[in-house]
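Read the structure below first, then the notes.
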Amino acid sequence: MTVAGDLLAFVDRGPSPFHAVAEMGRRLEEDGFTQLEERDRWTIGAGDRRYVVRDGGSIVAFTVGTQAPADTGFRLIGAHTDSPTFRVRPQPDTVRAGLRLVGVEPYGGALTYTWLDRDLTLAGRVAVDDSGTVRLCDVHLPGAWLRIPSLAIHLSRNLRQEGLRLDPQQHLVPLWGPASGPALVEAIADHVGVAGTAVRAWDLVTADTQPAAVGGAGDGYVFAPRLDNLASCHAATAALRGVDAPRATAVFVANDHEEVGSGSAEGARGSFLEDTLRRIVIGTGGDEQDFARARSRSRLISSDMAHALHPNYSDRHEPGHQPRLGAGPVVKHNANQSYATDAGTAAWFDARCRDVGVSVQHFVTRADLSCGSTIGPLTAARLGISTVDVGNPMLSMHSVREQAAVADIEPLIAALAAHLAAPDD
Ligand SMILES: [Zn+2]
């Protein structure tokens with residue numbers, strides 16, 4: 001399979017953070033990684049390949065280095081597993097105009113108009129209690145269950161003058177079927193194979209059903225949902241799988257909840273990465289002093305997608321910083337620390353790219369536009385680890401269907417792998 005085909009399969013298997021984490025775990029296990037539980041005591045040693053999952057949607061995977069973390073620091077990659085979407089409400093059944101709709105709540109900053117007239121399904125997990133104990137079941141409903149129909153232009157005469165205005169409470173409610181049909185929870189219980197009353201709660205989001213594809217001239221582009229940021233999760237997983245017996249412990253963290261501010265137990269503001277790094281230090285014979293020493297020698301590449309220059313809106317980029325699709329990974333800079341990059345970490349990433357013959361692009365936002373952010377500054381602030389924000393260029397970020405370049409997939413994997421295997425500087 002080509003690396004592009006592998007990315008398409010990865011994205012298609014990750015309609016929710018829970019599915020993306022399960023897919024990363026499955027791939028890691030193919031290369032000898034085994035899962036640790038946070039509730040257990042850990043026994044770890046040099047060369048061990050392990051991963052740990054918190055609340056289903058976040059993962060930390062690592063290969064223990066041949067040297068103590070206090071002597072080499074950690075080589076880290078960070079990414080996120082979530083994407084903008086709509087989340088099913090606790091009481092979703094809504095009847096309007098003789099039709100049964102599904103009440104949803106916007107999650108993150110979606111380009112909401114792109115979700116109109118798409119064939120949607122639901123994915124995530126449900127909490128089942130049919131025997132006095134609650135179990136969580138991952139769910140990815142087959143086929144297209146839902147659709148958010150747009151309003152015909154004949155009924156929207158002012159559309160051309162006023163543009164499209166969508167009130168999320170009123171206009172972005174998916175249609176499921178006739179009001180006489182079953183409630184949504186009954187249909188989901190049917191799919192899971194339990195009684196309707198046994199499904200007690202859910203973390204379900206909408207997902208486009210159209211498979212990811214390559215296209216454009218020479219099949220040079222990837223057209224897919226959730227490239228922000230499953231493309232980085234895919235690259236980091238591949239990089240970690242390819243690194244064997246590194247000197248410094250190699251770590252990949254992918255957090256849920258980045259699109260909504262990262263403020264959760266499993267988000268980048270939470271303790272998941274810190275807890276795991278501390279346990280690696282202690283598990284390899286170190287103490288709290290060694291943990292601080294290890295952090296001070298560590299480097300994190302925060303990989304999240306970057307805005308490529310848009311051919312129809314080229315004035316939206318700073319004229320001196322216009323990353324192009326297919327021209328290599330982008331280092332993201334922001335004077336106000338929306339990105340964690342500084343001179344030292346930018347040069348570190350640049351050197352790793354030169355190690356593997358990859359060219360680097362740079363992004364800084366226009367002075368008159370506000371800037372996005374990533375898990376990079378949050379992780380850097382929490383742990384005091386030197387961090388660089390990078391990412392592959394893309395178009396249509398936060399659309400239901402995004403676009404990136406096939407030519408950028410392998411260079412990012414190579415640069416991340418060079419980082420994990422890099423000697424001390
Ligand atoms: Zn992102």
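Conditions first: (1) in contact with a His (Cβ under 7 Å, 6 or more places away or on another chain); (2) open to solvent by 20 Å² or more (accessible area, probe 1.4 Å); (3) aliphatic (A, V, I, L, M). I301 passes all but one, so which condition is the exception?
Of the numbered conditions (1) in contact with a His (Cβ under 7 Å, 6 or more places away or on another chain); (2) open to solvent by 20 Å² or more (accessible area, probe 1.4 Å); (3) aliphatic (A, V, I, L, M), the odd one out for I301 is (2).
Among the residues of segment 224-265, how many are surrounded by 24 or more Cβ atoms within 10 Å (Cβ to Cβ) and without any contact (Cβ under 8 Å) to a residue 12 or more places away in the chain?
Within segment 224-265, residues that are surrounded by 24 or more Cβ atoms within 10 Å (Cβ to Cβ) and without any contact (Cβ under 8 Å) to a residue 12 or more places away in the chain number 0.
Can you tell me how many residues in segment 202-242 are within 15 Å of V406 (Cα to Cα) and over 18 Å from the mean Cα position of the chain (by Cα)?
Residues meeting the conditions: 9.
Out of segment 61-70, which residues are surrounded by fewer than 24 Cβ atoms within 10 Å (Cβ to Cβ) and either closer than 14 Å to L277 by Cα or β-branched (V, I, T) (or both)?
Within segment 61-70, V64, T66, A68, A70 meet the criteria.
All but one of (1) over 20 Å from R226 (Cα atoms); (2) within 16 Å of the ligand (Cβ to nearest atom); (3) open to solvent by less than 20 Å² (accessible area, probe 1.4 Å) hold for R269, so report the exception by its number.
Only one criterion is unmet by R269, namely (3).
Are there strands (runs of 3 or more DSSP E) fully within segment 3-118 with at least 3 residues that are within 16 Å of the ligand (Cβ to nearest atom)? List them. Break it down into steps so the answer makes sense when it comes.
On the way: elements: 34-36, 49-54, 58-63, 74-80, 85-96, 99-107.
Fully inside segment 3-118 and qualifying: 74-80.
Which of the residues that make up segment 323-347 are buried (at least 18 other Cβ atoms within 10 Å of the Cβ) and not in a loop (DSSP other than H, G, I, E, B)?
Selection gives V330, V331, K332, H333, T345, A346.
For every residue, the table says whether it meets (1) under 30 Å from D244 (Cβ atoms); (2) at pLDDT 95 or above; (3) not charged (D, E, K, R).
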site	(1), (2), (3)
Q337	no, no, yes
A351	yes, yes, yes
P377	no, no, yes
H398	no, yes, yes
A405	yes, yes, yes
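Please pick out the residue among I301, I282 that is closer than 19 Å to G372 by Cα and more than 13 Å from the ligand (Cβ to nearest atom).
Details: I282 fails: closer than 19 Å to G372 by Cα.
The conditions single out I301.
From S150, S156, which residue is touching a residue at least 12 places away in the same chain (Cβ under 8 Å), farther than 21 Å from S16 by Cβ and surrounded by 12 or more Cβ atoms within 10 Å (Cβ to Cβ)?
Details: S156 fails: touching a residue at least 12 places away in the same chain (Cβ under 8 Å).
On inspection, the qualifying residue turns out to be S150.
Mind checking which pairs have a first residue in segment 313-327 that is within 18 Å of G372 (Cα to Cα) and a second that is outside any loop (DSSP other than H, G, I, E, B) and polar (S, T, N, Q), Cβ under 6 Å, 6 or more apart or different chains?
These pairs meet every condition: P323/Q361.
Name every residue in segment 251-288 that is over 21 Å from G47 (Cα atoms) and among the aromatic types (F, W, Y), in order of residue number.
If the condition is that a residue be over 21 Å from G47 (Cα atoms) and among the aromatic types (F, W, Y), then F272 is the only one that fits.
Please give the strands (runs of 3 or more DSSP E) falling wholly within segment 200-260 in which 3 or more residues are more than 16 Å from the ligand (Cβ to nearest atom). If you could, list the steps in order and put the result at the bottom.
Details: elements: 213-215, 221-224, 249-255.
Result: 213-215, 249-255.
Of the conditions (1) more than 22 Å from G267 (Cα to Cα); (2) touching a Gly at 6+ places or on another chain (Cβ under 7 Å), D6 fails just one. Which one is it?
Only one criterion in (1) more than 22 Å from G267 (Cα to Cα); (2) touching a Gly at 6+ places or on another chain (Cβ under 7 Å) is unmet by D6, namely (2).
List, please: which pairs have Cβ atoms under 9 Å, are six or more places apart or on different chains, and start with a residue in segment 271-282 that is without any contact (Cβ under 8 Å) to a residue 60 or more places away in the chain and β-branched (V, I, T) and end with one that is in a helix (DSSP H, G or I) and open to solvent by less than 20 Å² (accessible area, probe 1.4 Å)?
I282/F291
Residues in segment 365-396 that are over 22 Å from the mean Cα position of the chain (by Cα) and aliphatic (A, V, I, L, M): how many?
2
Within segment 348-360, track down each residue that is in contact (Cβ under 8 Å) with a residue 40 or more places away in the chain and either surrounded by 16 or more Cβ atoms within 10 Å (Cβ to Cβ) or under 20 Å from the mean Cα position of the chain (by Cα) (or both).
Once the filter is applied, which keeps residues that are in contact (Cβ under 8 Å) with a residue 40 or more places away in the chain and either surrounded by 16 or more Cβ atoms within 10 Å (Cβ to Cβ) or under 20 Å from the mean Cα position of the chain (by Cα) (or both), segment 348-360 yields W348, F349, R352, C353, V358.
Yes/no per residue for (1) under 19 Å from the mean Cα position of the chain (by Cα); (2) at pLDDT below 95; (3) open to solvent by 20 Å² or more (accessible area, probe 1.4 Å):
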site	(1), (2), (3)
F74	no, no, no
A97	no, no, yes
G108	yes, no, yes
A123	yes, no, no
A127	no, no, no
T133	no, yes, yes
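The values are calculated or read from the model by the stated rules, or taken from the named source; none is laboratory data. Quantities reported herein were computed from a predicted structural model and do not represent experimental measurements. Please note: Cβ atoms are built from the backbone with ideal geometry, for glycine as well, and neighbour counts cover all protein chains shown. With ligands, DNA and RNA removed, areas are computed over all heavy atoms of the protein, side chains included. Shrake-Rupley method; radii C 1.70, N 1.55, O 1.52, S 1.80 Å.
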